[in-house]
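Quick notes on the structure that follows.
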Amino acid sequence: MLGLRLPTDPRWVRLVEEDLQAVMVDHAWCEHKAASNAMSIIVRYPELTDMVEELTRIAQEELEHFGRVVALIKERGWVLGPERKDHYVNDLLAFVRKDGSREERLVDRLLFSAMIEARSCERFKLLSERASDAGLRAFYRELMESEAGHYTTFIGFARRHGHGVDVEQRWKAFLAFEQEVIAGYGRTATIHG
C-alpha cells in the first residue's frame with residue numbers, strides 16, 4: 001500500500017531498543033513537527049475548506065500522540081529532551097518545489113507529508129512486530145494505523161486539489177528520491193535515522 005521502494009532493515013529495531021530514551025524523545029518531537037506541518041499547510045491554503053477541516057483533525061491527533069509519547073517518557077523516569085534536527089525530513093524537503101504554480105507547490109507539500117507518514121508507518125509496523133516490550137508493540141501498532149490514515153489523507157488531497165498537476169508521476173518521483181535518501185539511514189536510534 002505504501003509503495004516505499006526500500007524497506008527498513010529489521011535490525012533497526014535493535015538500535016531503537018539499545019537507546020529507547022533517545023528514540024522516544026525523537027519520536028515525541030516528530031509528532032510535534034507533524035502537527036506543525038499540518039497547521040502550516042492550513043495557513044498556506046485556507047480556502048480549501050475540506051482540507052482545512054481534515055488537517056485540523058490530523059494536527060490535533062498528532063499533538064495527542066506527542067502527549068502520549070511524553071507520558072511514556074515520564075512513566076519510564078525520563079524527561080523530554082531537546083529537539084534534534086531530523087536530517088531525513090530535511091533531505092526530503094530539498095525535493096519539494098519552491099517555485100511553480102500554487103497547485104504544484106501544494107501537491108509537493110502534500111506528497112512530502114505523505115512520504116513522511118508512509119516511512120513512519122513502516123517503521124512503526126516494525127516496532128509493533130519486533131519490539132521486545134509488549135506495551136510498546138501495542139502502542140506502535142495503534143500509531144502505525146494512524147500514520148497509514150494520515151498518509152492516505154495527504155495523498156488523497158494531492159489528487160483532489162492538484163488541478164493540472166500529474167500527481168501520480170510526481171509521487172513516483174518522490175518515491176524514487178526517498179529511496180535514495182533512506183539508503184543512508186536506518187543506522188541511528190531515531191525514528192527516521
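Each reported figure results from applying straightforward, stated rules to the coordinates on display, with no laboratory input. The structure displayed is predicted, hence computed values, not measured ones. Please note: Cβ atoms are built from the backbone with ideal geometry, for glycine as well, and neighbour counts cover all protein chains shown.
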remark   = So the number of lysine pairs in the chain with alpha-carbon atoms under 21 angstrom apart, 8 or more residues apart or on different chains, is 6
inquiry  = Output wanted: per-residue J couplings in Hz (rounded whole) for the stretch 123-140, from phi through Karplus 6.51 cos²θ - 1.76 cosθ + 1.60, θ = phi - 60°, x for Gly and Pro.
reply    = 5, 5, 4, 4, 5, 5, 9, 10, 5, 6, 8, 4, x, 5, 4, 5, 4, 6
inquiry  = Sort 50-57, 106-113 by the packing proxy (mean of other Cβ within 10 Å over each peptide's residues), most packed first.
reply    = 106-113, 50-57
query = What list of ³J(HN,Hα) values in whole Hz, one per residue of the stretch 6-16 in order, does the Karplus curve 6.51 cos²θ - 1.76 cosθ + 1.60 (θ = phi - 60°) give from phi, with Gly and Pro shown as x?
reply = 9, x, 5, 5, x, 5, 4, 4, 4, 4, 4
key: Residues His192, His163, His87 arranged by fewest to most Cβ contacts within 10 Å   = His163, His87, His192
request  = Step through the residues of the stretch 177-182 one at a time and calculate ³J(HN,Hα) from phi using the Karplus curve (6.51 cos²θ - 1.76 cosθ + 1.60, θ = phi - 60°), rounding each to whole Hz and writing x for Gly and Pro.
outcome  = 5, 4, 4, 5, 5, 5
query = Which residue, Gly100, Gly149, Gly67, tops the fluctuation ranking in a GNM of the chain built on C-alpha contacts under 10 Å?
reply = Gly100
note = Taking R0 as 30 Å and r as the Cβ-Cβ distance between Thr152 and Lys74, the FRET efficiency 1/(1 + (r/R0)^6), rounded to the nearest 0.05, comes to 0.40
